[in-house]
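Presented below is the structure to which this report refers.
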Amino acid sequence: MRTAGVKEEIRWREIKKESRKSWNMERKGLTESDSSVMISDMKTSQIARKVEQLKRQLVQLGPMHPGSLSEQYNVCGKAGCRCKDPKDPQKHGPYYQLSFTWRGKSRTRFVRAERLADVRQKVTNYKRFRKLTDEWVDLVVELEQLEREQVQ
């Protein structure tokens, strides 16, 4: 019941917003077509600025590597080892593992503790790269849609 009231309030706000926009357009002597061209031109320039910003961010990323890091602990096969202690077993580790898929093939590599910070940074850079390129593609698709609407 409560969500219905919230949806109703949101709908009323949208109606008010549209009527204000329509009144402002009439006051300025603009048609609906003029207004949509102005809005799409404004959006087009905003999208172009955002794409340029994304390009600058991509250039600054640095070395990268796909995948994810995990921490592993192992139990060995020796009978008297601390990892086999019945009261307080202590596994061997931590060992760090980088898992990734590249060109359709899954791979796993062990990472030495002294290289861990470097590999973490590379994985972080790769995730940032993917996020930025996905955002860039979204913007280009939106830009193409705006251009298609302007032609019609």
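Since every read-out is calculated from the coordinates, none of them should be taken as a lab result. Remember, predicted model here, so these are calculated numbers, not experimental data. Cβ: placed from backbone, ideal geometry, glycine included. Neighbour counts: every protein chain shown.
Grab every C-alpha pair in the range 45-134, bin the distances at 10 angstrom width from 0 up to the longest one, and report whole percents.
Per 10 Å bin, starting at zero, the Cα-Cα P(r) for the range 45-134 comes out as 15, 30, 24, 17, 9, 4, 2, 0 percent.
In whole Hz, with x marking every Gly and Pro, tabulate ³J(HN,Hα) for the range 108-123 from phi via Karplus 6.51 cos²θ - 1.76 cosθ + 1.60, θ = phi - 60°.
Rounded to whole hertz, the list is 9, 10, 7, 10, 5, 4, 6, 9, 4, 4, 5, 5, 4, 5, 5, 5.
By counting other Cβ atoms within 10 Å of each Cβ, how are Trp102, Trp136 ranked from fewest to most?
With the fewest neighbours first, Trp102, Trp136 line up as Trp102, Trp136.
Can you pull out the trypsin sites (Lys or Arg not before Pro) in the range 75-109 whose DSSP state is coil and whose Cβ has at most 11 other Cβ atoms within 10 Å?
Lys78, Lys87, Arg103
Sticking with the crude label model, points 7 Å out along Cα→Cβ, report the distance from Leu139 to Arg103 in nm, one decimal please.
3.1 nm
Jot down the per residue volume, in cubic angstrom and as a whole number, of the convex hull over the alpha-carbon atoms of the range 68-115.
So the per-residue Cα hull volume is 96 Å³.
Treating only the Cβ of Lys, Arg, Asp and Glu as charged (+1, +1, -1, -1), what charge dipole size does the range 35-123 show about its Cα centre? Round to the nearest 20 debye.
Taking the Cα centre of the range 35-123 as origin, the dipole is about 280 debye.
Under 5 Å between amide H atoms, partner at least 5 residues away or on a different chain: which partners does Tyr96 have, H built in plane at 1.01 Å?
Residues meeting the criterion, in which the H sits 1.01 Å from N, are Gln72, Val111.
Structure shown: which of Lys55/Lys105; Lys43/Lys131; Lys43/Lys105 lie over 31 Å apart, alpha-carbon to alpha-carbon?
Correct reply: Lys43/Lys105.
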